[in-house]
1. Out of (1) within 18 Å of B:GLY286 (Cβ to Cβ); (2) more than 13 Å from every other protein chain (Cβ to nearest Cβ); (3) not small (Gly, Ala, Ser), what's the single condition that is false for A:LEU8?
2. Please count how many residues of the stretch B:209-251 are touching a Leu at 6+ places or on another chain (Cβ under 7 Å), more than 14 Å from every other protein chain (Cβ to nearest Cβ) and assigned to a strand (DSSP E or B).
3. Of all residues in the stretch B:317-363 being away from every other protein chain (no Cβ under 13 Å) and of a type in the set (Asp, Glu), which is surrounded by the fewest Cβ atoms within 10 Å (Cβ to Cβ)?
4. Considering only residues that are farther than 24 Å from B:LEU370 by Cβ and of a type in the set (A, V, I, L, M), look in the stretch B:164-208 and name the one that is nearest to the other protein chains (Cβ to nearest Cβ).
5. Kindly evaluate B:THR281 against the criterion of being closer than 15 Å to A:MET108 by Cβ, within 12 Å of chain A (Cβ to nearest Cβ), touching a residue at least 24 places away in the same chain (Cβ under 8 Å) and not aliphatic (A, V, I, L, M).
6. Might you let me know whether the stretch A:202-213 holds any residue that is within 15 Å of B:PRO334 (Cβ to Cβ), of a type outside the set (Val, Ile, Thr) and at the interface with chain B (Cβ under 8 Å from one of its Cβ atoms)?
7. Conditions: (1) farther than 14 Å from B:ILE173 by Cβ; (2) free of Cβ contacts under 8 Å to residues at least 24 places away in the same chain; (3) surrounded by fewer than 18 Cβ atoms within 10 Å (Cβ to Cβ). B:VAL379 meets all but one. Number of the miss?
8. Can you confirm whether the stretch A:106-116 contains a residue that is at pLDDT below 95, within 30 Å of B:VAL379 (Cα to Cα) and among the aliphatic types (A, V, I, L, M)?
Amino acid sequence: MDWSTVQLWVGALLTLMIFSFLYKDNPFYKFAEHLFVGVSAAYWMVQGFWQQIVPNLLAKLAPGSFENIIEAARGQQPELVYIIPLILGLILLTRLIPSIAWFSRWSMAFIIGYTAGSNLPRYLVSDFIKQVEKTLALPLVATHADNWLQWIMYSVSNLVVFGGVICGLVYFYFSKEHTGAFGRASRAGIWVLMVAFGASFGYTVMARISLLIGRLEFLGSWIRSFT
Amino acid sequence: MKISGIPRAGSRAARLVAPLIALTCIVLPFGPASAQETSPEVVTEVVVPPPAPPTSVAAIDAPNDAGHALLVTWQASPDDANADVLAGYRVLRSQGGSPFEEVGVAAPGQDSFRDRVPENAVRYDYKVVSFGPGGVGESGTAGAEARFQWFDKTRVSSFVIMLIVCGAIVFNILRAQAGQKMYIRKIAGMDAVTEAVGRATEMGQPVLYVAGIQDMDNVQTVAGLTILGSISKLIAEYETSLVMPCSRSLVMSTARETVKESYLSAGRPDAYREDGIYYVTDEQFGFVAHVDGLMVRKKPATCFYLGAFFAESLILAETGNSIGAIQVAGTAMPTQLPFFVAACDYTLIGEELFAASAYLSQDEKMLGSLKGQDFGKGVAMVSIFVGGILTTIEGLTGWPVITMLNDKIHWLWSGG
């Protein structure tokens, strides 16, 4: 029995063990679950050390010691500015010592504060400004069309987008009571969202079905290996 | 000896055939190509001239960047459009009188090249050489130094929008802190929190809380943990147990801090159990396999999924549904919201997730921030409305004044 056959058998049996959860919880599923969690946790720990800590921290601080492992460290000078993330990382580990565990909050505050600040301009442009830009460029009625039917189709399409965006924004307006005309616009907004979710649901389910087919094909190749 | 078929010279047949052969020899060179190919060739060598060099070569510091880049520009060679003569432009660089070395190649039609340089404030000289089959044409030289710029002037409009939104947020936070009452509309999912936690208490089953599968650098995870602060306070008051598997170690640490503080503020520090909040694995489906198993074994009465979710959303929500738990979900991932809407009792859609923490805590800063964000949405709605009308009038009439106004609105929202 060669190595690829062993891999095929292990993969197929673990797949069946996970699928057995569809019937009910059982010892086979528990075994596969614990194996999956244990192996993946260890894998990510090793990945984190060799893909992040070694190249992005240790090899920067002491490139000479890592030039045989990290090609980019060869001939480089130590970059002492990396002492700052080293200290922040060590502070994070103070959680393990109860008497000074509070100290780790400084690192956490830095991580959350930095990421919030650096993400603000990025998300503001991609999730807000660019969306508004594309919508306000739409004329309410089509200004160019080859014939009346096309004019009606373009105009209806533009009005749906225009009205849908305005009503969607009204739904997410929190500091005013949703009553009267505002409430009706808000209800129209949730309808627009639900239609969008329906389309997204169907699209994603199709993708999941293709994943299932892929797994069943794998099981099929395992069954064919019997013959 | 007479050979059959071949007329003898001087015979009558020969006299008739000879002019025919001569005529054929004259006509053949003007025949089809195949006929020419079989004839003896006369090769004429075509000499391709070298391309004319590009002119007006200039080098300037690339604007609106952090340095380390120069922009080399030139006026295209007169042979630029002639593909037989010019194949492209080589950009050569020299520093401090060193020999010129090629740093890039530009295609015909191109009249600029952005070069990454190793040092700021150091002069680099450039030459642009047009090349082709006939040789090369060398330009004069030009040089410049790369400089660091503090401001990217192309992003002024984004800055203006950010000032408007952030200014409104700061202003409203100050108003809230000054005692101004801030209204927030009802958020159905958050109104159900008390009922959901109460149900778990009555049934004697734990509350399951999943803050997504992303790390602390994701704002949805932060929102999920902020809501956890309010919900865990309620859990402490109701003396219910909390189970929170985490897929990131930093999320686990932050969640422990948050829940511990909530138990403390609820006057129940003795009831806080650190073991209820634990790390599982970073692996997406390993984490899901564990949470699914946990659900069917511990049968939590209430499940909260608040944070950033991906493909695991439906798996978790379906399993929670199958055990009969009351489920409240919230995420800003557009592709996962439909699954939560389909399988959960309450769903916080998009920004409702971020508003929920303000709604639950009634914290002045959060309320003021939410009000400020609403002001930004109001500005967006007005801009869309006005922009749509202006675009329509411009398209129908082409009036210059409307075009000018429309351009102003488009600049503001250009994201530059």
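The values are calculated or read from the model by the stated rules, or taken from the named source; none is laboratory data. Small disclaimer: the values here were computed from a predicted structure and weren't measured. Cβ placement follows ideal geometry from the backbone for every residue including glycine, while neighbour counts extend to all protein chains displayed.
1. Against the list (1) within 18 Å of B:GLY286 (Cβ to Cβ); (2) more than 13 Å from every other protein chain (Cβ to nearest Cβ); (3) not small (Gly, Ala, Ser), A:LEU8 comes up short only on (1).
2. 3
3. Per the criteria, the residue is B:ASP363.
4. Initially, the stretch B:164-208 is screened for residues farther than 24 Å from B:LEU370 by Cβ, giving B:198-208.
With the extra rule that they be of a type in the set (A, V, I, L, M), the set shrinks to B:200, B:203, B:207-208.
Numbers: B:ALA200: 21, B:MET203: 19, B:VAL207: 20, B:LEU208: 16 Å.
For the stretch B:164-208, the residue satisfying everything is B:LEU208.
5. On the way: closer than 15 Å to A:MET108 by Cβ: no; within 12 Å of chain A (Cβ to nearest Cβ): yes; touching a residue at least 24 places away in the same chain (Cβ under 8 Å): yes; not aliphatic (A, V, I, L, M): yes.
No, not satisfied.
6. no
7. (2)
8. Restricting attention to the stretch A:106-116, the residues satisfying the condition of being at pLDDT below 95 are A:106-116.
Those left that are additionally within 30 Å of B:VAL379 (Cα to Cα): A:112-116.
Next, from what is left, pick out any that are among the aliphatic types (A, V, I, L, M): A:112, A:116.
There is at least one residue in the stretch A:106-116 that is at pLDDT below 95, within 30 Å of B:VAL379 (Cα to Cα) and among the aliphatic types (A, V, I, L, M).
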